[in-house]
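What follows is a set of notes on a single structure, which appears directly below.
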Amino acid sequence: AADRAAPRPSIVSRAGWGADESLRESGFLYTDTVKTLFVHHTAGGNDYACSDSPALIRGIYRYHVESQGWRDIGYNFLVDRCGTIYEGRAGGVAEPVQGAHTLGFNHNSTGVALLGTHSDTAPSTQAQDALARLTAWKLGLHDGDPTGTRNRESTGGKWPAGTIVELDNVSGHRDAYATDCPGGRLYDELPALRTSAAALQGG
């Protein structure tokens with residue numbers, strides 16, 4: 001993994017955004033590695049003050065647990081428009097924590113959501129830069145090439161369980177599920193994200 005090592009970016013902890021740890025299940029789910037980083041948007045407003053990001057994340061957390069019935073917030077990380085990276089699902093930011101973000105491919109992947117809606121609005125430069133740093137580091141921990149692809153086995157959803165699907169190591173949610181997420185404007189930035197993350201790994 002040292003061949004693709006990249007510096008760890010600054011990440012606001014769950015305590016830092018005020019996660020109520022009594023809401024989630026007490027245990028953690030881990031998989032073997034991180035082969036794919038899935039990019040999402042949260043489909044909320046874009047005009048929020050960045051000081052309100054923790055409150056927005058707390059709202060998503062409560063929705064995922066109380067309304068969706070998930071064990072914790074679904075995303076492994078969240079990024080706001082000012083480029084601040086937040087820890088999502090509990091279990092350790094450097095660990096291969098299984099999230100609930102991409103049906104069929106939650107195993108051996110990580111999910112990163114940009115706060116806002118990026119169907120018609122491009123993500124900020126700060127958000128894109130933070131996403132590149134996070135991608136380089138997280139995939140690098142598992143010797144993952146941001147510009148590469150992997151054959152992934154679906155556990156169900158868009159493809160029947162057992163189907164082998166070739167996915168980019170940096171994919172949009174829509175690549176693996178029937179959705180507009182992460183929005184057209186953010187999806188269009190994924191090629192540049194892959195290139196930037198690879199450069200941060202020294203590739």
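Any residue in the range 181-194 that is over 23 Å from ARG81 (Cα atoms), out of contact with any strand residue (DSSP E or B) (no Cβ under 8 Å at 6 or more places or on another chain) and touching a residue at least 24 places away in the same chain (Cβ under 8 Å)? Before the answer, list the steps.
We begin by selecting, within the range 181-194, every residue over 23 Å from ARG81 (Cα atoms); these are none.
No, every residue in the range 181-194 fails to be over 23 Å from ARG81 (Cα atoms), out of contact with any strand residue (DSSP E or B) (no Cβ under 8 Å at 6 or more places or on another chain) and touching a residue at least 24 places away in the same chain (Cβ under 8 Å).
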Residue that is out of contact with any Asp or Glu (no Cβ under 9 Å at 6 or more places or on another chain), open to solvent by 20 Å² or more (accessible area, probe 1.4 Å) and touching a residue at least 40 places away in the same chain (Cβ under 8 Å), where the choices are GLN68, GLN98: GLN98
The range 176-202, subset hydroxyl-bearing (Ser, Thr, Tyr) and open to solvent by 70 Å² or more (accessible area, probe 1.4 Å), residue nearest to SER109 (Cα to Cα): TYR177
Restricting the range 37-54 to residues that are within 14 Å of THR84 (Cβ to Cβ) and free of Cβ contacts under 8 Å to residues at least 60 places away in the same chain, the residue that is surrounded by the fewest Cβ atoms within 10 Å (Cβ to Cβ): SER51
Conditions (1) within 23 Å of PRO123 (Cβ to Cβ); (2) open to solvent by less than 30 Å² (accessible area, probe 1.4 Å); number of the one not met by ALA19: (1)
Within the range 158-175, considering residues that are among the hydrophobic types (A, V, I, L, M, F, W, C) and either in contact with a strand residue (DSSP E or B) (Cβ under 7 Å, 6 or more places away or on another chain) or open to solvent by less than 10 Å² (accessible area, probe 1.4 Å) (or both), the one nearest to PRO96 (Cα to Cα): VAL170
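Only residues that are assigned to a loop (DSSP other than H, G, I, E, B) and either closer than 24 Å to ARG152 by Cα or touching a Leu at 6+ places or on another chain (Cβ under 8 Å) (or both): list them for the range 73-89, please. Give the steps one after another, and end with the answer.
Here is the first cut: in the range 73-89, the residues assigned to a loop (DSSP other than H, G, I, E, B) are 73-76, 80-84, 88-89.
Listed by number, the residues that qualify are ILE73, GLY74, TYR75, ASN76, ASP80, ARG81, GLY88, ARG89.
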All positions within the range 142-157 that are open to solvent by less than 70 Å² (accessible area, probe 1.4 Å) and at negative phi: HIS142, GLY144, ASP145, PRO146, GLY148, THR149, ARG152, SER154
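What number of residues in the range 152-189 are under 23 Å from ASP3 (Cβ atoms) and not β-branched (Val, Ile, Thr)?
Let us first name the residues in the range 152-189 that are under 23 Å from ASP3 (Cβ atoms), namely 152, 166-171.
Still in the list and also not β-branched (Val, Ile, Thr): 152, 166-169, 171.
Result for the range 152-189: 6.
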Number of the exception - ASP3 against (1) part of a loop (DSSP other than H, G, I, E, B); (2) open to solvent by 70 Å² or more (accessible area, probe 1.4 Å); (3) modelled with pLDDT under 95: (1)
Qualifying residue in the range 86-95 (condition: without any contact (Cβ under 8 Å) to a residue 24 or more places away in the chain, open to solvent by less than 20 Å² (accessible area, probe 1.4 Å) and touching an Asp or Glu at 6+ places or on another chain (Cβ under 8 Å)): yes
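The values are calculated or read from the model by the stated rules, or taken from the named source; none is laboratory data. Only a predicted model underlies this, so the values are computations on that prediction, with no experimental measurement involved. We place every Cβ from the backbone using ideal geometry, glycine too, and count neighbours over all the protein chains shown. Areas reflect the complete protein model, heavy atoms only, side chains present, ligands, DNA and RNA absent. Shrake-Rupley method; radii C 1.70, N 1.55, O 1.52, S 1.80 Å.
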